[in-house]
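These notes are about the structure you will find just below.
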Amino acid sequence: MTATAEPSGTRLMPAAFIGHGSPMNALEDNRYTAAWRAFGQAVPRPRAILVVSAHWFINATAVTVMPRPRTIHDFYGFPRELFEVQYPAPGMPELVEEVSEAVKPTWVGADADSWGIDHGSWSVLRHAFPQADTPVVQLSINADQDLEYHFALGAKLAALRESGVLVLGSGNVVHNLRGVDPQHRDEGFDWAQRFDESAQGVMLHEPAASVRLQGHRDYRTAAPTPDHFIPLLYLAGLAAASGRGAELLVDGYSYGSLSMTSYTLDIECPGAGRGTGSAAELPEGVPADSTNI
């Protein structure tokens, strides 16, 4: 079944967390983007896609409500062709009411003009749902809240899966831009592998324990800022609410200090492991921690 099929009715919509890496993945064909495409082809067509992206990290919990969200190029130092990419998916303003109902009493703001679809979303969606005809709504990451808040919020979003909404987290389990080393293009440093493997064990077998990863000896190195790690907790919350573990979609490393690991929930993705090639490169001459990836 492809993403052009009729919207899902009573079937429980799957969910996922994608390790998105460099925004250049939007333009490339490698084993990670192949897995994202396999996911999109396996999913019954969503009524809407609710994305929790690492790149909308603000001091509030909010949902985009514009009918035509703009494509945001929120990065620096990349080639012009990447800035020219557009992902013209419609929005779904009324979804804010469903999100608010699902997570009450948590307050959810309505953002009509400040955000849109950032690269944490469109770099993945461009592969998974290339026709850009499914409504896309973003849910911000509230920077004022702790990890427990985000895990609990993810669990509450389970109700949306029953009405055809695909919940998609986008970040990186390991995301340390100051640690990037071009000599380790397809490798992970020892500390990155330790943390990523521990996270994998939790996600596959005990997602309710995901918040405890902040006590891992390598957490502060793997996630010096929590923005890219937190989207994983939304899938962990959904998995815990379902009483099942997540499934591994694809795993691997980039530049030593980035994990490209992705997970799904309640979906089989034939062909996810058939792609080849490294994750996209970072721009030359620009320090990774100055690119906003």
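The values are calculated or read from the model by the stated rules, or taken from the named source; none is laboratory data. Just so it is clear, the structure is predicted and the values come from calculations on it, not from any experiment. Neighbour counts run over all protein chains shown; Cβ positions are idealised from the backbone, glycine included. SASA here: full protein model, heavy atoms, side chains in, ligands and nucleic acids out. Shrake-Rupley method; radii C 1.70, N 1.55, O 1.52, S 1.80 Å.
Values for this structure:
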read-out: Segments 73-80, 194-201 sorted - mean Cβ within 10 Å per residue, highest first; value: 194-201, 73-80
read-out: Charged-residue dipole, Cβ positions (Lys, Arg, Asp, Glu), region 1-140 about Cα centre, Debye nearest 20; value: 320
read-out: Extended-chain gain in nm, criterion 0.36 nm per residue less alpha-carbon gap, residue 58 and residue 70; value: 2.5 nm
read-out: Distance (nanometres) between label positions extended 7 Å along Cα→Cβ at residue 106 and residue 143; value: 1.8
read-out: About the Cα centre, charge dipole magnitude for region 186-289 (Lys/Arg +1, Asp/Glu -1 at Cβ), debye; value: 400
read-out: Per-peptide average of other Cβ atoms within 10 Å, ordering 142-149, 55-62 highest first; value: 55-62, 142-149
read-out: Long-range amide H partners of residue 70 with built H, under 5 Å; value: 117
read-out: Per-peptide average of other Cβ atoms within 10 Å, ordering 180-187, 22-29 highest first; value: 22-29, 180-187
read-out: Pair residue 86, residue 181: separation of 7 Å Cα→Cβ label points (nm); value: 4.3
read-out: Linear extension gain, residue 286 paired with residue 190, 0.36 nm per residue minus alpha-carbon span; value: 32.1 nm
read-out: Accessible-area value, residue 94, 1.4 Å probe, nucleic acids and ligands omitted, Å²; value: 100
read-out: Calculated P(r) of the chain - Cα pairs past 38 Å, %; value: 4
read-out: Kyte-Doolittle mean at least 0.5 and Cα axial length at least 18 Å: DSSP H helices in the chain; value: 230-242
read-out: Relative contact order (percent, whole number), the chain, Cα cutoff 8 Å, 6+ residue spacing; value: 32
read-out: Inter-centroid distance (Cα atoms) of region 227-267 relative to region 115-157, Å; value: 13
